[in-house]
Amino acid sequence: MENQKAKVVIYTKDPCPYCVRAIHFFNEYGIKYEEVDLTDRPEEIDRIKNETGWRTVPIIMINNDLIGGYMDLKALHDEGKLEGLLVS
């Protein structure tokens, strides 16, 4: 995505079909992101879940703000709100 200023972080684990969909989405739209793989790191998963209040993966953050999971990411895109978050 042109002009992306926002820092995008996705917390994933394997297996996770929604994680795969979210990463595919980022790649398809040219969104730069950092993936944090939490597979086999249960204490880290618990820490992130407690920190964000989000109970499932993927956990998607934009500029340290919780976006949610894949369906939330897709909804933001479908509503035309995602690009504004990425360039601000």
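Scanning the chain for trypsin sites (Lys or Arg not before Pro) lying in DSSP loops with no more than 16 further Cβ atoms inside 10 Å, the longest uninterrupted stretch between such sites is 56-80.
Would you kindly state how much longer the chain becomes between Asp72 and His24 on full extension, computed as 0.36 nm times their sequence separation minus their alpha carbon distance, in nm to one decimal?
15.8 nm
Here the alpha carbons of the chain define both size measures, Rg and Dmax, at 12.4, 36 Å.
Of all DSSP beta bridges located in the stretch 8-87, what percent are antiparallel, nearest 5? Here the share of antiparallel DSSP bridges comes out near 65 percent.
Sequentially through the stretch 37-42, phi angles give Karplus couplings (6.51, -1.76, 1.60; θ = phi - 60°) of 7, 9, 4, 6, 10, x Hz, Gly and Pro residues having no value and appearing as x.
Any read-out appearing in this document is the output of simple, stated calculations on the displayed coordinates, not a laboratory observation. All of these numbers come straight from a predicted model, not from anything done at the bench. So basically every Cβ, Gly included, is an ideal-geometry build from the backbone, and we count neighbours across all protein chains shown.
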